[in-house]
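Structure record follows, encoded as structure tokens.
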Amino acid sequence: MANLIDYVQKYGHVSFSRKKFNDLDNLIFSYLSYLNLSGTIAIENGHTLHDVLEDYIAKNRYKDVARLGLGKRDAYKLAIELKDAPRYCKVIVKDFEYITDDDTQFGAVTFVISRRLAFVSFEGTDQTLGGWKEDCLLSCNYPVDSHTLGINYLKKQIKMTGPRIIVGGHSKGGNTALVSAMEMKGWRQHKIRAVYNNDGPGLRKREYESRAFHDLKPKLRYIVPHCSIVGMMLRQPKPFVVKSNQRGVFAHLPMTWEIIDDKLRRSVLSKHSQALNETIISWLEKHNDERRAKMVNGVFDLLYSSGMDTTMDLHNFKKGVKLVKNLKGVDKETRDLALSLVKYSYENVVGASKKAMI
């Protein structure tokens, strides 16, 4: 079954004026935000996507990028196909940003497709523990740091006399796109044409029931694979479900989503994904924001104190031994949550990344 690369190879010669922007273009631009363009000409505005990607590929080896995560690996593969494709190569790249520390992981870049349309892309979670901590804090804080950064970034991109804006991202980037668009007011809200949350977390109950989300909902395109995991976090509207050729964590990757010609292949949500969403909602109902935050901060304090900075550290034996020692003295619920996170991350992130290297 075809995937995004097949789509680019088939329609990459067709301009946006002849073939309108669609769901697959959204996935492509959302993927590109995974590329760390620091040190390339992208730090200067006004360069074409062709020039930016050519510079990036010249300065970064596929083998090195692939070690940084599956999203970055797939983005590199797409970059090779996109840089010479007439549909994409003349798109203007501007305002690349990347920030990461112990509590925050944020990436954003804007693609000016034409005088009338631009795509603001937010990066999903990479392998830094700061990114994973923010994912967990979505259950108890609003806004988290990446939300605030996203809101400020989007405000700067929306100009009164500028192009209409499509906002999107994959994984946590999809959630950042959703929240950033929700917080736009007045004429800025009017300038937003569409919002894509591609298998990203949803919202807490109070934000899900807010007027801001209600007003934005008609513009929202919420896409998940048939066996979604990340997209089942928190509350979300009925999704557009697509067929993935993989299961588990691999299904999270849009490169595995099946395509028929120029459209995503529709499917239905698996019973496992439905059950996972119900389990998460049930856990949220049992704990208030204060208790959730205490548990999340406790877990990541344990990980950091054990010398862990990225998900790849979770299979480091010495750091693992230190973590086990540090677990002594913490309450059972926090200890269980820490062990569950390590188990999930090893099986679904580290294991997947190691398999991807084969």
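Looking only at region 130-141, decide whether some residue is within 14 Å of M182 (Cα to Cα), assigned by TED's automatic domain parsing to the domain that holds D101 and in contact (Cβ under 8 Å) with a residue 40 or more places away in the chain.
No, region 130-141 has no match at all.
Got a number for residues in region 254-275 being out of contact with any strand residue (DSSP E or B) (no Cβ under 8 Å at 6 or more places or on another chain) and under 21 Å from Y76 (Cα atoms)?
Number satisfying all stated conditions: 1.
What helices (runs of 4 or more DSSP H) completely inside region 1-79 contain at least 2 residues that are of a type in the set (A, V, I, L, M, F, W, C) and within 24 Å of D199 (Cα to Cα)? Explain how you work it out, then say what you get.
Working: elements: 4-11, 23-32, 49-59, 62-66.
Of the helices (runs of 4 or more DSSP H) lying wholly inside region 1-79, those with at least 2 residues that are of a type in the set (A, V, I, L, M, F, W, C) and within 24 Å of D199 (Cα to Cα) span 4-11, 23-32, 62-66.
Could you grab me the full set of residues in region 46-61 that are under 15 Å from Y98 (Cβ atoms) and touching a strand residue (DSSP E or B) at 6+ places or on another chain (Cβ under 7 Å)?
V52
Just for region 240-264: of the residues that are of a type in the set (K, R) and surrounded by fewer than 17 Cβ atoms within 10 Å (Cβ to Cβ), which one is modelled with the lowest pLDDT? Talk me through it step by step, then tell me what you get.
Kept after step one, since they are of a type in the set (K, R), are these residues of region 240-264: 243, 247, 263.
Imposing the further condition that a residue be surrounded by fewer than 17 Cβ atoms within 10 Å (Cβ to Cβ) reduces the set to 247, 263.
On the way: R247: 80, K263: 97.
Out of the qualifying residues, it is R247.
Could we say that T104 is within 15 Å of the chain's Cα centre (by Cα) and surrounded by fewer than 19 Cβ atoms within 10 Å (Cβ to Cβ) here? Spell out the reasoning first.
On the way: within 15 Å of the chain's Cα centre (by Cα): yes; surrounded by fewer than 19 Cβ atoms within 10 Å (Cβ to Cβ): yes.
In short, yes.
For region 204-251, name all the residues that are among the basic types (K, R) and either in contact with a strand residue (DSSP E or B) (Cβ under 6 Å, 6 or more places away or on another chain) or touching a residue at least 24 places away in the same chain (Cβ under 8 Å) (or both).
Here is the first cut: in region 204-251, the ones among the basic types (K, R) are 204-206, 211, 217, 219, 221, 235, 238, 243, 247.
R204, K205, R206, K219, R221, R235, K243, listed by residue number.
What number of residues in region 60-101 are under 16 Å from the mean Cα position of the chain (by Cα) and on the phi > 0 side of the Ramachandran plot?
1
Name the one entry in R211, R206 that is surrounded by fewer than 18 Cβ atoms within 10 Å (Cβ to Cβ), assigned by TED's automatic domain parsing to the domain that holds L269 and more than 22 Å from R292 (Cβ to Cβ).
Working: R206 fails: more than 22 Å from R292 (Cβ to Cβ).
Answer to the selection: R211.
Could you tell me which residue of region 292-342 is farthest from the chain's Cα centre (by Cα), considering only residues that are at pLDDT below 70, within 19 Å of S139 (Cβ to Cβ) and surrounded by fewer than 16 Cβ atoms within 10 Å (Cβ to Cβ)?
Applying the filter and picking the extreme gives L339.
Show the residue pairs that are 6+ apart or on different chains and have beta-carbon atoms under 7 Å apart, the first residue being within region 23-38 and in contact (Cβ under 8 Å) with a residue 60 or more places away in the chain, the second being part of a loop (DSSP other than H, G, I, E, B).
L24/D262; S33/E123; Y34/E123; Y34/G124
Quick check on my filter: what residues within region 195-241 are among the basic types (K, R), within 17 Å of V167 (Cα to Cα) and in contact with a Phe, Trp or Tyr (Cβ under 9 Å, 6 or more places away or on another chain)? Write out each step before concluding.
Here is the first cut: in region 195-241, the residues among the basic types (K, R) are 204-206, 211, 217, 219, 221, 235, 238.
Restricting the remaining residues to those that are within 17 Å of V167 (Cα to Cα) gives 217, 219, 221.
Of everything in region 195-241, just one residue is among the basic types (K, R), within 17 Å of V167 (Cα to Cα) and in contact with a Phe, Trp or Tyr (Cβ under 9 Å, 6 or more places away or on another chain), namely R221.
Looking only at region 237-295, count every residue that is in a loop (DSSP other than H, G, I, E, B) and of a type outside the set (V, I, T) and tell me the total.
Adding up the residues that qualify gives 17.
Checking the condition out of contact with any Gly (no Cβ under 7 Å at 6 or more places or on another chain), at pLDDT below 95, farther than 30 Å from L138 by Cβ and not aliphatic (A, V, I, L, M), which residue from G69, G46 passes? Let's see the steps before the verdict.
On the way: G69 fails: farther than 30 Å from L138 by Cβ.
Of the residues listed, the single one that is out of contact with any Gly (no Cβ under 7 Å at 6 or more places or on another chain), at pLDDT below 95, farther than 30 Å from L138 by Cβ and not aliphatic (A, V, I, L, M) is G46.
Just checking, does region 140-147 include any residue being among the hydroxyl-bearing types (S, T, Y), in contact with a Lys or Arg (Cβ under 9 Å, 6 or more places away or on another chain), surrounded by 21 or more Cβ atoms within 10 Å (Cβ to Cβ) and at pLDDT below 95? Can you show your working first?
Step one: filter region 140-147 for residues among the hydroxyl-bearing types (S, T, Y), giving 142, 146.
Of the ones still in play, those that are also in contact with a Lys or Arg (Cβ under 9 Å, 6 or more places away or on another chain) are 142, 146.
Subsequent filtering for residues that are surrounded by 21 or more Cβ atoms within 10 Å (Cβ to Cβ) retains 146.
So of that shortlist, the ones also at pLDDT below 95 come out as 146.
Checked region 140-147: at least one residue is among the hydroxyl-bearing types (S, T, Y), in contact with a Lys or Arg (Cβ under 9 Å, 6 or more places away or on another chain), surrounded by 21 or more Cβ atoms within 10 Å (Cβ to Cβ) and at pLDDT below 95.
Identify all residues within region 199-224 that are out of contact with any Leu (no Cβ under 8 Å at 6 or more places or on another chain) and within 24 Å of K243 (Cα to Cα); write none if there are none.
Listed by number, the residues that qualify are D199, K217, P218, K219, R221, Y222.
Scan region 36-77 residue by residue and report those that are polar (S, T, N, Q) and either within 25 Å of H252 (Cβ to Cβ) or surrounded by fewer than 18 Cβ atoms within 10 Å (Cβ to Cβ) (or both). Steps first, please.
First, pick out the residues of region 36-77 that are polar (S, T, N, Q): 36, 38, 40, 45, 48, 60.
Within region 36-77, N36, S38, N45, T48, N60 qualify.
If you go through region 156-168 one residue at a time, do you hit one that is part of a helix (DSSP H, G or I) and more than 13 Å from the chain's Cα centre (by Cα)?
Applying the first criterion (part of a helix (DSSP H, G or I)) to region 156-168 yields 156-157.
Checking the rest, the ones that are also more than 13 Å from the chain's Cα centre (by Cα) come to 156-157.
The answer is yes; a qualifying residue exists.
The values are calculated or read from the model by the stated rules, or taken from the named source; none is laboratory data. Computed from a predicted model, the values in this text were never measured in an experiment. Don't worry about glycine lacking a Cβ; one is built from the backbone with ideal geometry, like all the others, and counts go over all protein chains shown.
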